[in-house]
1. Where in the range 35-100 are the strands (runs of 3 or more DSSP E), entirely inside, with at least 2 residues that are open to solvent by less than 20 Å² (accessible area, probe 1.4 Å)?
2. Return the total of residues in the range 124-142 being open to solvent by 30 Å² or more (accessible area, probe 1.4 Å) and at pLDDT 85 or above.
3. Sort through Ser64, Ser128, Ser69, Ser84 and tell me the only one that's polar (S, T, N, Q) and in contact with a Pro (Cβ under 7 Å, 6 or more places away or on another chain).
4. Quick check on the range 162-182. Is at least one of its residues in a strand (DSSP E or B), at pLDDT below 95, within 29 Å of Asp85 (Cα to Cα) and open to solvent by 40 Å² or more (accessible area, probe 1.4 Å)?
5. So, in the range 103-122, exactly how many residues are of a type outside the set (Val, Ile, Thr), touching a residue at least 40 places away in the same chain (Cβ under 8 Å) and open to solvent by 30 Å² or more (accessible area, probe 1.4 Å)?
6. Of the conditions (1) free of Cβ contacts under 8 Å to residues at least 12 places away in the same chain; (2) within 14 Å of the chain's Cα centre (by Cα), Ala29 clears all except one; give me its number.
Amino acid sequence: MKKIVLFIAAAFSISFAQAQNGPRVGIKAGVSYSNLSGDLDNQDIYDNKFGFTGGLTANFPLTSDGFLSIQPELLYTQKGYQYSDEKFSRAGVDYKYKGDVNFNYLELPVLLRVNAGGLFFEGGPQLSYLLGVRNNTEIQVGGNKYEDKDVIDKDDLSELEIGYAAGIGYQLQNGLSLGLRYNGSINSLAKEDKDELTNARHSAFLLTVGFLLPSGI
C-alpha cells in the first residue's frame, strides 16, 4: 500500500512541477492489445490478448502557441498474453497451455507532446506498478487431461516496471481525442533467471478515446 501511495504522489508532483500556461485535465479510456517480447523459450506459445486501459490525464503547455506540451497520465492498464494451441517439449515431456494471464498495472507515463494543428505526436518514459496477476490457464502434461496451472506469485515478478511510450493521435478543439500508442518495457518481468518468464518484457498497443476539459475550469 505504501508503494502505491508513493507512486500516486510522484504522479502529482511531476504534474505540478511541469505546469505552466493553460493546464487542462481530463479522462481517457480504451483497449490494450498486448503480448510478451524478449528472448523467450517456446515463444510461439504466446499470443496477443485484449484488455482495458483508462484513467486521468493532464496537459501543460510549454510554449505560448501550444506547439509543445507535457502530458502526464495516471492509468489503470491490463496487459498480458494468451496461450496459442502450440505444443512444446521440456525434458522429453509434451506440454500444452490453454487460457490467458492478466497483469494489472497502475501506470505513470510522462510524455512530451508535439501538437501540429489537431494532429499530435507524443513520446517519453513510463513507470508501471504491478497491482496483481490473474491466471486463467490450464495445462496438459503428456496425455493427461487439463489441470489447473499454478497461480503466478507476484513476489516472483518485478513490481516496478521501467518503460517507454510513443504514439500518434488527433485532438479536436472541444477536447475530444483519439490516440494510438505503443508501450514497451526495459526491465525483465521476472526477478529470477529460473522463472518461466525470464527475459520476458511487456509489449502493448493502446487505442484510446479521451476528453480534456477547457483550460481554467
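1. Answer list for the range 35-100: 49-61, 68-83.
2. Final tally of qualifying residues: 5.
3. Result of the check over Ser64, Ser128, Ser69, Ser84: Ser69.
4. No; the residues of the range 162-182 include none that is in a strand (DSSP E or B), at pLDDT below 95, within 29 Å of Asp85 (Cα to Cα) and open to solvent by 40 Å² or more (accessible area, probe 1.4 Å).
5. 5
6. Unmet condition: (1).
The values are calculated or read from the model by the stated rules, or taken from the named source; none is laboratory data. Keep in mind that this is a model prediction, so the values were computed, not measured. Reconstructed Cβ throughout: ideal geometry from the backbone, glycine too, with neighbour counts over all protein chains shown. With ligands, DNA and RNA removed, areas are computed over all heavy atoms of the protein, side chains included. Shrake-Rupley method; radii C 1.70, N 1.55, O 1.52, S 1.80 Å.
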